[in-house]
Amino acid sequence: AQSVTQPDIHITVSEGASLELRCNYSYGATPYLFWYVQSPGQGLQLLLKYFSGDTLVQGIKGFEAEFKRSQSSFNLRKPSVHWSDAAEYFCAVGAPGGSYIPTFGRGTSLIVHP
Amino acid sequence: EAGVTQSPTHLIKTRGQQATLRCSPISGHTSVYWYQQALGLGLQFLLWYDEGEERNRGNFPPRFSGRQFPNYSSELNVNALELEDSALYLCASSPEGRRLFFGSGTQLSVL
């Protein structure tokens with residue numbers, strides 16, 4: 001079974017600073033990888049996904065993530081954070097084929113200071 | 001195109017009662033997933049329906065149940081409510097079993 005670890009519960013950055021949110025997964029092969037964002041009181045919105053191919057993935061809202069097989073990581077990055085990026089961010093992993101049940105990390109809360 | 005819709009937005013029940021939550025997937029999506037998001041615990045997988053059948057369930061007691069209707073909408077039933085069932089219940093639909101599209105959730109409060 002797959003699992004996901006988001007080691008940072010909270011991350012605080014200043015507006016305009018760069019951002020990196022960490023995600024490590026456990027799975028025997030190359031999984032499907034996702035980042036979702038959740039604003040307060042809302043559902044989850046897909047930021048980006050990795051299925052195969054280019055390991056650097058571009059998403060919406062200026063986010064990108066890089067799949068590193070050797071490190072079992074899929075970290076989310078943004079070069080310049082905006083106050084509106086303050087939200088909860090979830091990394092998720094899915095197993096290709098078979099019974100597909102995405103597993104989510106516990107989330108990282110992003111706080112943006114002006 | 002309408003997104004995933006969930007109703008009600010908020011639901012307040014007392015311990016021991018039953019709760020019914022509803023979800024309408026995006027048109028054309030046949031799979032519906034239910035997740036529980038309790039404070040500080042992330043998303044915990046509850047149930048997966050596809051083509052009207054329950055395909056998988058998470059590590060939850062049998063008093064959590066549901067069904068999927070012929071139009072692919074779904075409902076989640078929680079019987080004998082307990083205080084710890086208070087959470088945001090999220091429904092998601094999927095067109096191909098990889099990407100999930102989430103609704104805004106039902107906030108269930110058990111008093």
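For the reader, a short list of remarks on this structure follows.
- Electrostatic tally near A:Phe34: other residues with Cβ closer than 13 Å to its Cβ, Lys and Arg +1, Asp and Glu -1, net +3.
- Relative contact order of chain B, defined on C-alpha pairs under 8 angstrom at six or more residues apart (%): 37 percent
- Partners of B:Lys13 within straight-line reach, counting lysines whose Cα lies under 26 Å from its Cα and excluding those fewer than 8 residues away in the same chain: none found.
- Counting Lys and Arg as +1 and Asp and Glu as -1 over every other residue whose Cβ lies under 13 Å from the Cβ of B:Arg15, the net charge comes to -1.
- Rg to Rh quotient for chain B, alpha carbon positions, Kirkwood Rh: 0.95
- Of all beta bridges that DSSP places with both ends in chain A, some 85 percent have antiparallel geometry.
- Average Cα contact separation per residue, chain A, under 8 Å, 6 or more apart, as relative contact order %: 37 percent
- Total charge dipole magnitude, chain A, about the Cα centre, Cβ charges on Lys, Arg, Asp, Glu only, Debye to nearest 20: 220 debye
- Equivalent ellipsoid of segment A:5-114: semi-axes from √(5λ) of the C-alpha gyration tensor, largest first, are 24, 14, 12 Å.
- Neighbour count of at most 16 Cβ within 10 Å plus DSSP loop: longest GluC sites (Glu not before Pro)-free window in chain B: B:2-50
- Taking every DSSP beta bridge that has both ends in the protein assembly as shown, the antiparallel portion is near 90%.
- Remark on segment A:1-62: Rg and Dmax equal 13.4, 38 Å (Cα only).
- Formal net charge of residues neighbouring A:Ile11 (Cβ-Cβ distance under 14 Å; K, R +1; D, E -1): -1
- Its Cα gyration tensor gives the protein assembly as shown an equivalent ellipsoid; the semi-axes, largest first and in whole Å, are 29, 21, 16.
- Loop-located trypsin sites (Lys or Arg not before Pro) in segment B:20-111 whose Cβ has at most 15 other Cβ within 10 Å (DSSP): B:Arg63, B:Arg98
All of the numbers you see were taken from the coordinates with simple rules; none came from a lab. All values derive from a computational prediction rather than experimental measurement. Neighbour counts run over all protein chains shown; Cβ positions are idealised from the backbone, glycine included.
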